[in-house]
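The values are calculated or read from the model by the stated rules, or taken from the named source; none is laboratory data. Please read all numbers here as calculations on a predicted model, not as lab measurements. Cβ placement follows ideal geometry from the backbone for every residue including glycine, while neighbour counts extend to all protein chains displayed.
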């Protein structure tokens, strides 16, 4: 057992199954609706806490606007009022609108299987979607085995002295090289790293 597997087992012993927002994000299998909620959440959670995201999601649900199709019909202006609690709401409304349109125009049903590289490149071309958001969508909404790197992961790596190079690509390669290629493991491990980092 290498140090990465040992760290995962330690976090799993400490926290059990991922809870909170992670109950949905790590749910297997997910319905189409749940996958779309994860995609929406991945945008809303940028630079804010999960409580604010929950308020925005509640507003979207109340207005029956918590689907990619509905978001693409509403447009950024109307959408921005519904997601105000998530902060940077005008910018995020634009990100969400164009992401929804991209998925719908490419007839990319969220559960449709495509090559990870091709899918990732398409997402990264969209405004407001960087590697962390793209990989969160791929891992948690589409069940693709790609490890998400965020500030909590960097802190853990630094604390454990696992690497000197803390760049996104380098850390992602490090985790993926030292863990079996399994989206379930990646989902649970990353979510537990975040739970631990916030604790």
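For this structure, a couple of remarks:
- Residue within the stretch 1-11 that is surrounded by 18 or more Cβ atoms within 10 Å (Cβ to Cβ), out of contact with any strand residue (DSSP E or B) (no Cβ under 7 Å at 6 or more places or on another chain) and part of a loop (DSSP other than H, G, I, E, B) present: no
- Test set (1) assigned to a loop (DSSP other than H, G, I, E, B); (2) buried (at least 21 other Cβ atoms within 10 Å of the Cβ) - residue 187 fails condition number: (1)
- Residue count for the stretch 13-24, restricted to those that are over 15 Å from residue 198 (Cα atoms), modelled with pLDDT of 95 or more and either more than 20 Å from the chain's Cα centre (by Cα) or in a loop (DSSP other than H, G, I, E, B) (or both): 2
- Residue that is nearest to the chain's Cα centre (by Cα), among those in the stretch 25-49 that are farther than 19 Å from residue 93 by Cβ and in a helix (DSSP H, G or I): 25
- Search result, residues across the stretch 149-170 that are buried (at least 20 other Cβ atoms within 10 Å of the Cβ) and assigned to a helix (DSSP H, G or I): 153, 157
- Screening residue 103 on (1) surrounded by 15 or more Cβ atoms within 10 Å (Cβ to Cβ); (2) modelled with pLDDT of 95 or more shows it passes everything except condition (2).
- Listed by first and then second residue, the pairs with beta-carbon distance under 6 Å, at least 6 apart or on different chains, first residue in the stretch 1-22 and farther than 14 Å from residue 184 by Cα, second at pLDDT below 95, are 21/50.
Table: residues versus (1) in a helix (DSSP H, G or I); (2) farther than 19 Å from residue 33 by Cα.
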residue: 79; (1), (2): yes, no
residue: 91; (1), (2): yes, yes
residue: 121; (1), (2): yes, yes
residue: 129; (1), (2): no, yes
residue: 137; (1), (2): yes, no
residue: 143; (1), (2): no, no
residue: 175; (1), (2): yes, yes
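- Hits in the stretch 56-68 (condition: part of a helix (DSSP H, G or I) and surrounded by fewer than 16 Cβ atoms within 10 Å (Cβ to Cβ)): 58, 61, 62
- Residue 42 over 17 Å from residue 194 (Cβ atoms), surrounded by 19 or more Cβ atoms within 10 Å (Cβ to Cβ) and not assigned by TED's automatic domain parsing to the domain that holds residue 193: no
- Any hit, the stretch 138-148, residues being over 25 Å from residue 29 (Cβ atoms) and either surrounded by 16 or more Cβ atoms within 10 Å (Cβ to Cβ) or touching a helix residue (DSSP H, G or I) at 6+ places or on another chain (Cβ under 6 Å) (or both): no
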